[in-house]
Structure formats: structure tokens, C-alpha cells
1. What strands (runs of 3 or more DSSP E), lying completely within the stretch 1-76, carry at least 2 residues that are without any contact (Cβ under 8 Å) to a residue 40 or more places away in the chain?
2. Condition first: more than 21 Å from I91 (Cβ to Cβ), within 11 Å of the ligand (Cβ to nearest atom) and either open to solvent by less than 20 Å² (accessible area, probe 1.4 Å) or part of a helix (DSSP H, G or I) (or both). Now tell me which residues in the stretch 117-151 satisfy that.
3. Which residue pairs have Cβ atoms under 7 Å apart, sit 6 or more places apart or on different chains, and have a first residue in the stretch 119-143 that is touching a residue at least 12 places away in the same chain (Cβ under 8 Å) and farther than 27 Å from K7 by Cβ and a second that is within 8 Å of the ligand (Cβ to nearest atom) and in a strand (DSSP E or B)?
4. Being under 14 Å from the mean Cα position of the chain (by Cα) and among the charged types (D, E, K, R) is the filter; apply it to the stretch 41-74 and report the residue that is nearest to A148 (Cα to Cα).
5. Return the residue satisfying two criteria in turn: it lies in the stretch 20-75 and is of a type in the set (D, E) and within 16 Å of the ligand (Cβ to nearest atom), and of such residues it is surrounded by the most Cβ atoms within 10 Å (Cβ to Cβ).
6. How many residues does the stretch 152-178 contain that are assigned to a loop (DSSP other than H, G, I, E, B) and over 17 Å from K51 (Cα atoms)?
7. Can you spot a residue in the stretch 89-100 that is outside any strand (DSSP E or B), at pLDDT 95 or above and within 10 Å of the ligand (Cβ to nearest atom)?
Amino acid sequence: MNLEAVKEKIRQVPDFPKKGIQFLDITTGIKDAETLQQMVDFLYDIYKDKKIDYVAGIESRGFIFGMPLAYKLNAGFIPIRKPNKLPAETIKESYDLEYGSDSIEIHADAIEKGANVVIIDDLLATGGTACAACNLVKKAGGNVDSAAFIIELTPLKGAEKIEKTGVEVISMLKYDLD
Ligand code: AMP
């Protein structure tokens, strides 16, 4: 697979959502049928021989890749959502942002004890969101197999942050951007 060609399909938008952020826009990747297939197939190839019970996607772009992966793996899909979106009892995890904090939630009964779960998001930056997602899955009783991303911004060292918690990190496209 030509990863440089996949990268060329991902638009970079400077100063979005605020000045100084180089936003990696996957919409231009997923609108291209071949690129979309390459992205989902990259993830599928990593997991196809493993016993994965659930794919947990992080709202909202983690849903885009998590759902087709779950379908292909014959696994269930679990949404990890922004606060006050999930209707039943939830477990919440807060994490620090550059300015302030944010939180994400999972349904308290989403995971059977010991189930093997892969966490998916589109992009790994500092790793704060993904670490919070790992904590949620563990609190809900699951085993975190690994966390996988289409894009990793390597200078931000998110992979190190996640790996320190004992969770393996997979990423398709590495960018030397911070
Ligand atoms: P972090 O918690 O710092 O790893 O940030 C990851 C989350 O923020 C993911 O859900 C990404 O979709 C989003 N994100 C962070 N930085 C960017 C970026 N430069 N371009 C697009 N999305 C980003």
C-alpha cells in the first residue's frame, strides 16, 4: 500500500479550529472510495486474526472508522461519546486539554467483564482523549487490546503516553507535525 498516496488525500487546513493548529481533514480521504477502503483494510489486517469482542469508537470521527472495522471483524461496536449524549447509566472520565478540560462517557453496562476491546479514533495528538477512553473501557470491565488511529502526530508523543499504561498503539500514517 502506498501510504504517501493516502496522505496526499488528506487535506491540511491551517489555523482550524484556532490559530496555530494544522487540522488534518479526513473528509477528503474518506470521500475517495479507494482511500476509504485502504484505511479500513489497514485496520482490518491488523486485527483479523485476533479475537476482538468489541470495537469502541471515540465520537465523532472514531465512529467513521470504528463501525466498518467492527462489521468486518464480526465484533460489536461501542460508542464512546461526549457528555450527556448516552441515554442510560454512564461512566465518565475527564481529561486535561491545553486550556481547561473535557470528558467522555461510555454506557456502564456496555462491556462484559474481560471482553477484548480495540479503541479507535481518527487521529492521535497528545493522547489525552485516547487515554481517557482506555480508562473508561477498563472501568467498564473490558480488557483494552490496543488503541488504533489512522493518523498519528508523532512529535506530540501521544503513543508514549498510551503505551505507559500498558496499551499497544497502532497508527497508519505518521506526521511530523505538532
Ligand atoms: P488528543 O487528545 O490530543 O490526542 O487529541 C485527539 C483528538 O482531537 C482526536 O479526536 C482528533 O480527532 C482531534 N484532533 C487533535 N488534533 C487534531 C488535528 N491537528 N487535526 C484533526 N483533529 C485533531
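The values are calculated or read from the model by the stated rules, or taken from the named source; none is laboratory data. Just so we're clear, the structure is a prediction, and the values are computed from it rather than from any experiment. Glycine gets a Cβ as well: all are built from the backbone with ideal geometry, and neighbour counts include every protein chain shown. Protein only, heavy atoms only, side chains kept; ligands, DNA and RNA dropped before computing areas. Shrake-Rupley method; radii C 1.70, N 1.55, O 1.52, S 1.80 Å.
1. On the way: elements: 11-14, 22-25, 54-58.
The qualifying strands (runs of 3 or more DSSP E) are 11-14, 22-25.
2. Scanning the stretch 117-151 gives D122, L124, F149, I150, I151.
3. Note: pairs meeting the criteria are A132/Y95.
4. Top of the filtered list is R61.
5. Taking the stretch 20-75 as the starting set, the residues that turn out to be of a type in the set (D, E) are 25, 32, 34, 41, 45, 49, 53, 59.
If we keep only those that are within 16 Å of the ligand (Cβ to nearest atom) too, we end up with 25, 59.
On the way: D25: 13, E59: 16.
The qualifying residue surrounded by the most Cβ atoms within 10 Å (Cβ to Cβ) is E59.
6. 7
7. No, the stretch 89-100 contains no residue that is outside any strand (DSSP E or B), at pLDDT 95 or above and within 10 Å of the ligand (Cβ to nearest atom).
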